[in-house]
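For reference, the structure discussed in these notes is given below.
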Amino acid sequence: MSYRVKKIYNNNIILAEDEKWSEVILLGKGIAFQKRPGDLIDEALIDKKFVFESSESSSKFMTLLTEVPLNQVELSSKIIAQAQKELNVTFHDSIYIGLTDHISYTISRYKAGMTMKNALLWEIQNYYPKEYQAAKNALNLIKYYEKIDLSDDETGFIALHFVNAQQEGEEIQLTMIVTEIVSDILSIVKYHYQIELNEDSLNYNRFVTHIRFFARRLLREELHGADDDYLYEQIRTKMPQAKACADKVKDYFIKKFEVTISQEEMIYFMLHINRVAEREIKKN
C-alpha cells in the first residue's frame, strides 16, 4: 500500500491518502521532512497508522495531535490495542480521541499534584469487571512508559472509556433520549453565559462526552454519587459562574427526571462547564 501526502502538520505527523483515496493519519519520526502535498511517503518511516470511519473523527484526532505529546498518543494506541485483544472486541474509533485526551490530561493532573475521586468506582468494578481488569493492565503500561503510579480511581475512568467504546449499538430509544439531554444541557450553558460554543474544540467534545456518560447512567438508574464537601466548596468558590450554571443543570434534572445530582456529580459539571465556557468568554 502506498500513501501520498495530503497535509503536513509537523515533521512527525501527516494526513495522507492511500491508493483508494481514503484518508489515513500517519505518524513517524521525521516522516514529513522535506515533503510536500502529493509526495509519496517512505513506508519504512511509518510507525503508526490511524484510519477513521468519518472525516469528522479524523479532523478531531488531528486537532488532538497538535495538543498532545506524540509519545502519549503512541501510549494510548498501545493501551487500546492491548484492551481490544484482552476483551476480544473492536472499539469504536472515537476511543482514539476520547482516551488519548483523557490519558494526556490525567498525566498532566498527576504531575501537578491534582487527583480526582471516581464516584462510580465500586459500580465499575462490579458491573464491568472485564473492562476494569483491562484498565488495570493499561495502568501498568502507563507506569512503564511514564514512570507514574495512578490510583484505582483512574483505573475506573479508563474502564469507562472501554465500556463506552463498545456501546455504539445501543437501543435507538436510549440514544435519542441521551441526544436530547445533551442538547438541553448545552442550551442551558449557552443561555447562561450568552455565548456560542465552539463545537470543534476539545473542551466542547470533553463536555459532550461527560454528558453522554452521565445521561446513560441516569437512564439506567446507575447514579450513586457521594458528597465531598471540601472539594465542592473549593470549586464552588473558585468558579461561581460555573456553579450558578451547574445549579440550572441540577434543576433541569430534578424537573425532567426527578433526580437530584450529588455534590460529586456537581463537581464534574462545574469543572466541565468552566472549561467549555472560559475560552469563549475570553474571546468576546
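Starting from the exponent 0.38 and prefactor 2.2 Å, build the expected Rg for the chain from its residue count and divide its actual Cα Rg by it. Cα Rg divided by the expected 2.2 N^0.38 Å: 1.06.
Between Ser151 and Lys20, the C-beta separation translates, for a Förster distance of 41 Å, into a calculated FRET efficiency of about 0.35.
Convex hull volume of the C-alpha atoms in segment 172-283, normalised per residue: 94 Å³. Rounded to the nearest 0.05, the FRET efficiency derived from the C-beta distance between Asn126 and Arg36 at R0 = 41 Å is 0.15.
Note on Asp47 and Asn140: the model spin-label points, each 7 Å out from Cα along the C-beta direction, lie 2.4 nm apart. The Cβ shell under 14 Å around Tyr144 holds other residues with a net charge of +1, Lys and Arg each +1, Asp and Glu each -1.
Measure up Lys35/Lys136; Lys117/Lys248; Lys20/Lys85; Lys20/Lys111 against 32 Å on the Cα-Cα distance and list the ones that go over. Pairs exceeding the cut-off: Lys35/Lys136; Lys20/Lys111.
From helices alone, the chain scores -20000 deg cm²/dmol at 222 nm; the rule is -39500 (n - 2.57) for each run of n ≥ 4 DSSP H residues, then divide by the residue total. Residue separation of Tyr9 and Asp247 scaled by 0.36 nm, minus their Cα-Cα distance, works out to 81.6 nm of gained length.
Quick note: the coordinates plus some simple rules give every number you see, no bench work behind them. Predicted model only: the values in this text are computed from it and were never measured. Cβ atoms come from the backbone with ideal geometry, glycine included; neighbour counts cover every protein chain shown.
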